[in-house]
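> Please read through the structure below; I'll follow up with questions.
Bear in mind that the values in this text are calculations on the coordinates, not laboratory data. In this text the structure is predicted, and so the values were computed from the model without any measurement. Please note: Cβ atoms are built from the backbone with ideal geometry, for glycine as well, and neighbour counts cover all protein chains shown.
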Amino acid sequence: MSEEFEAFMELYAGLPREGPGSVNSLLNVLEIADTPPLGRVLDAACGSGADSETILRALPGVELVGVDTQEAFINAARARGLQADFRVGDMLWVDGGFDLIWCAGAVYFTGVETALEAWRGHLRPGGKIGFSEVVWLGKPSAKAKAFWGKAYPQMDSLNGLAGRIEASGYHVLNAEPLGRTGWQDYYNALRANIARLRGKSTVMDAVLAETEAEIALYDAHFGEYDYVVYLMEPA
């Protein structure tokens, strides 16, 4: 593990969640998906389990499996005391079938098409997939385009990504922008960790500077982009 990655993990330790998101946006997915109250749900790249907790509060009878590659996040998820099976592993290759596969902000690690192809074989009849993905909402400014062109060069538009989902053999049931609140709560918690860790090391300060640049871009250019929460089913 590199010193930079260790600094990144320390920055994200103890956060309520590891990326933008909201309880209400996930509850909307659960309502539209009509997940069976005794069904099986995969929280793919579950992080420290924030969305797992929301899912189990809404559907306390489901069997929930949470998977993440980072043991520290899985340990934090287990510490929530939820009735769930939290595992360290690859989010694309989990045993069994699911009525809902949910992934908050992590399909960019594998690519949307790769994730959808892998997850198709894990869907039960009537099963659905939901994920959040950062996309352009309009024509980006030069500054926003330069930042995301480096951070995520494959970033698509809302409709462009919907078209790719359809081309992968799925029908998009809903595509809803997350909105400002889902970012602000996440960034406010992150700001507190930044203030606490500043000056700890040269490597940490470099990681903090990159994160502050992302937050500054949000402050100046939010509305040009957003996470969009997509829900889909096999066509």
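> Applying a 10 Å radius around every beta-carbon, put 169-181, 193-205 in order of their mean neighbour count, most first.
Highest mean packing first, the order is 169-181, 193-205.
> Using the alpha-carbon atoms, what tilt in degrees (0 to 90, nearest 10) does helix 142-151 show relative to the longest principal axis of the chain?
70
> In nm, to one decimal, how far is the Ala13 label point from the Tyr108 one, both placed 7 Å along Cα→Cβ?
Placing both labels 7 Å beyond Cα along the Cβ direction yields 2.5 nm.
> 7 Å from Cα along Cα→Cβ at both Asn28 and Ala235: what's the point-to-point distance in nm?
2.4
> Against the longest principal axis of the chain, how steep is helix 180-197, in degrees 0 to 90 to the nearest 10, with axes from Cα atoms?
Result, in degrees: 50.
> Evaluate the range 147-225: find the radius of gyration of its Cα atoms, find its Kirkwood radius, and give the ratio Rg to Rh.
1.09
> Quick check: pseudo-label points 7 Å beyond the Cα along Cα→Cβ at Glu214 and Arg180, how many nm apart are they?
Output for this residue pair reads 2.1 nm.
> Which FRET efficiency, nearest 0.05, do Ser2 and Gln154 yield, Cβ-Cβ r, R0 25 Å?
FRET efficiency, Ser2 to Gln154: 0.60.
> A follow-up question, please. What does the charge add up to near Glu233, with Lys and Arg as +1, Asp and Glu as -1, over the other residues with Cβ less than 13 Å from its Cβ?
Here the charged neighbours net out to 0.
> If you average the alpha carbon positions of the range 66-101 and of the range 142-211, how far apart do those two centres end up, in angstrom?
Rounded to whole Å, the Cα centres lie 22 Å apart.
> Just for the chain, what percent of DSSP beta bridges are antiparallel, to the closest 5?
Bridges in the chain are about 45 percent antiparallel.
> Now a separate question. Just tell me which aspartates and glutamates come within less than 17 Å, Cα to Cα, of Lys200; anything on the same chain fewer than 8 places away is out.
Cross-link targets: Glu3, Glu4, Glu6, Glu10, Glu210, Glu212.
> Quick one: divide the alpha-carbon radius of gyration of the chain by 2.2 N^0.38 Å and tell me what you get.
The reported ratio for this selection is 1.00.
> Find out how many positive minus negative residues lie around Arg120, taking Lys and Arg as positive, Asp and Glu as negative, among other residues whose Cβ is under 15 Å from that of Arg120.
-2
> Within straight cross-link reach of Lys139, meaning Cα distance under 13 Å, which aspartates and glutamates are found once same-chain residues fewer than 8 apart are removed?
Filter leaves Asp156, Glu224, Asp226.
> To make sure I understand, if each residue's beta carbon is the centre and we count other beta carbons within 10 Å, what order do Phe8, Phe73, Phe98 fall in, fewest to most?
Phe8, Phe73, Phe98
> What FRET efficiency comes out for the pair His221/Ala189, r = Cβ-Cβ distance, R0 = 25 Å, nearest 0.05?
0.75
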